[in-house]
């Protein structure tokens, strides 16, 4: 059975795929989840994250852009953007402790991005967290 970490990684894959132009990715969600053995509660968790990010994308992107000092969202790497979007969604809308969410995002960036990404992801998500939660 997959972990929440693996479920989040799959959501980042979906967000990244959409970002590079695969607009019909929704029809492959079940296949991706089955391949990654994301089932039952973890599948519900992952679907909730994915649908939540998509439903609140405008607000999420505004929150992220508000904390980017030298860039705007369109100028950062696509994987970093996907991780930030997922992390910002969880910080703003989930019941999970923000420290847990931010740590997960940092760990994903260590695995998927370059060596400067974890510090960058941490800074942006921490700033969003300190600004306040929408929940």
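Taken together, the values in this text are just the output of simple stated rules run on the coordinates, not laboratory data. Keep in mind that what you see is a predicted model, and the values were worked out from it rather than measured. Quick reminder, even Gly has a Cβ in these numbers, built from the backbone with ideal geometry, and neighbours come from all protein chains shown.
Per 10 Å bin, what percent of the C-alpha pairs of the stretch 67-113 does each bin hold, from zero upward?
Calculated over all Cα pairs of the stretch 67-113, the distribution is 27, 52, 21, 0 percent.
How would 5, 67 line up from fewest to most surrounding beta-carbon atoms within 10 angstrom? Walk me through the intermediate numbers first.
Working: 5 13, 67 16.
The fewest-first ordering by Cβ neighbours comes to 5, 67.
If you find the alpha carbon centre of the stretch 6-34 and of the stretch 57-110, how far apart are they in angstrom?
17 Å
For 109, 74, what's the fewest-to-most ordering of other Cβ within 10 Å of each Cβ?
74, 109
Using a simple spin-label model with points 7 Å from Cα along the Cα→Cβ vector, what separation in nm is obtained for residue 28 and residue 62?
The answer from the label model is 3.2 nm.
Per 10 Å bin, what percent of the C-alpha pairs of the stretch 35-110 does each bin hold, from zero upward?
Final binned percentages: 18, 50, 28, 5, 0.
What's the angle, to the nearest 10 degrees (0 to 90), between helix 78-93's Cα axis and the longest principal axis of the chain?
90 degrees
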